[in-house]
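As structure tokens, the structure follows; a few thoughts come after it.
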Amino acid sequence: MIDSNQETSINLLKVVYQKRRLFLVTFILAVIAGITVTFLTPKKHTSTGVVYAVNTNSYDRIIDNPAFGDEDDADQLIQLFQSARVKDQIIKHFNLIDYYEADTTDPKWQYDVYKEYDGDITFNRTRYSSIEIMATTKDPELSANIVNALIELIDVERTKIYQSNVQHIVDHFQSELDAKNKRTNAILDTLFAYSNTGNSANSKNPLFKNRQMFMDERQKNTHIFPGDAAIKSIGANYQTKKIEQLINEYYFLQSRINYYRERLDLARNKLKLPSAKIYKVSKAKPVYKKSSPKLSINLVGFCLTAFILTLIFILLRHQIKYLKES
């Protein structure tokens, strides 16, 4: 016993067989259209490069742990590859605005260029956590040059971002250090005022005599300061709560100054070191064999489309004829 699905399939096969000449004509037309489109469509060439991300931005840490980056590192690198700052530089360097024939008088021209760019230049993380960079253009030399430019440019952009962050830290520590030094000077000036000896260069006040030496030497030893004896003398001679508070604050500030000085020196040393570079596994080479359009794909697409449209046309025609007769 034949069910409804089998009956429908048999009917379709009957229709195809009865209209086999029409299907043959449409098949021939589809083949001609596929060949025509293939030869009229501009040829495109794809070049590929492969890189690995690093697991750190610090150059000195690479020595201890020179391993490739993991999936998260690869994903972060892809985000940087796809960033507008990288796109803009590649578009400008290779004059892709003219290549894509963008109309810069159109308000959305940049969106159109980005759309074309994203279609032609792609980044894929492989199962080995490497990054495959692919560029597809009409010129095989251009495709290879774009990939290689991206590989070189990405290190420059990573370094800029890394050093910008470190410089921000340097500026922060310098600002804190300046503030602490300013407050320390203010405390010393207040102690001078309490000593009632004035600020003359010939003053016999021991704190005044040691002030400049203290300012120059206080960073050389984190435990003993040149002004210690003088400050203790002031504290002993002028036993007031205010003096005691100032001296306590003064020594607290010295510990903070030492801390910020050490952090500042460390951050400055980081700026002097080169940033770690990505691992360049293979650079791109021009590939003169076209990657698209492919004749086989176009033929299959056109023939399948022609078959479906012809079948729909025949079925609709039969249905319309049936409705008219009924």
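List of remarks:
- Test: residue in the range 252-266 that is on the phi < 0 side of the Ramachandran plot and not in a helix (DSSP H, G or I): no
- Picking from residues in the range 261-282 that are crowded, with 18+ Cβ neighbours inside 10 Å and within 11 Å of ILE169 (Cβ to Cβ), the one that is farthest from the chain's Cα centre (by Cα) is LEU264.
- Restricting the range 227-276 to residues that are among the acidic types (Asp, Glu) and more than 30 Å from ASN165 (Cβ to Cβ), the residue that is modelled with the highest pLDDT: GLU249
- Residues that are of a type in the set (D, E, K, R) and either surrounded by 21 or more Cβ atoms within 10 Å (Cβ to Cβ) or assigned to a strand (DSSP E or B) (or both) within the range 121-148 comprise ARG125, GLU132, listed in sequence order.
So that you can scan it fast, the table gives a plain yes or no per residue for (1) hydroxyl-bearing (Ser, Thr, Tyr); (2) within 28 Å of GLY49 (Cβ to Cβ); (3) free of Cβ contacts under 8 Å to residues at least 24 places away in the same chain; (4) touching a Phe, Trp or Tyr at 6+ places or on another chain (Cβ under 8 Å):
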site	(1), (2), (3), (4)
GLN254	no, no, no, yes
ILE257	no, no, no, no
LEU266	no, no, yes, no
PRO274	no, yes, no, yes
PRO286	no, yes, no, no
ILE320	no, no, yes, no
GLU325	no, no, yes, no
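- Screening THR310, THR305 for residues that are modelled with pLDDT of 85 or more and not charged (D, E, K, R) leaves exactly one candidate, THR305.
- Test: residue in the range 40-48 that is part of a helix (DSSP H, G or I), modelled with pLDDT under 75, of a type outside the set (Phe, Trp, Tyr) and buried (at least 17 other Cβ atoms within 10 Å of the Cβ): no
- Evaluation of LYS290 against (1) outside any helix (DSSP H, G or I); (2) at pLDDT 80 or above; (3) over 30 Å from VAL170 (Cβ atoms) (one fails), failing number: (2)
- Any chance PHE94 is under 30 Å from LYS272 (Cβ atoms) and aromatic (Phe, Trp, Tyr): no
- Yes/no for VAL170 being hydrophobic (A, V, I, L, M, F, W, C), over 16 Å from the mean Cα position of the chain (by Cα) and assigned to a helix (DSSP H, G or I): yes
- Summed over the range 104-133, residues that are in contact with a Phe, Trp or Tyr (Cβ under 8 Å, 6 or more places away or on another chain), in contact (Cβ under 8 Å) with a residue 40 or more places away in the chain and not hydrophobic (A, V, I, L, M, F, W, C) total 3.
- Of everything in the range 73-111 that is aromatic (Phe, Trp, Tyr) and in a helix (DSSP H, G or I), the residue that is farthest from ASP155 (Cα to Cα) is TRP109.
- Matching residues in the range 149-182 - criterion: being closer than 20 Å to PHE68 by Cα and buried (at least 19 other Cβ atoms within 10 Å of the Cβ): LEU150, ILE151, ILE154, ARG158
- The residue list LYS182, LYS209 contains one member that is in a helix (DSSP H, G or I), at pLDDT 50 or above and not small (Gly, Ala, Ser), which is LYS182.
The values are calculated or read from the model by the stated rules, or taken from the named source; none is laboratory data. None of these values were measured; they are calculated from a predicted model. With ideal geometry, Cβ positions are generated from the backbone for all residues, glycine too; neighbour counts draw on all protein chains shown.
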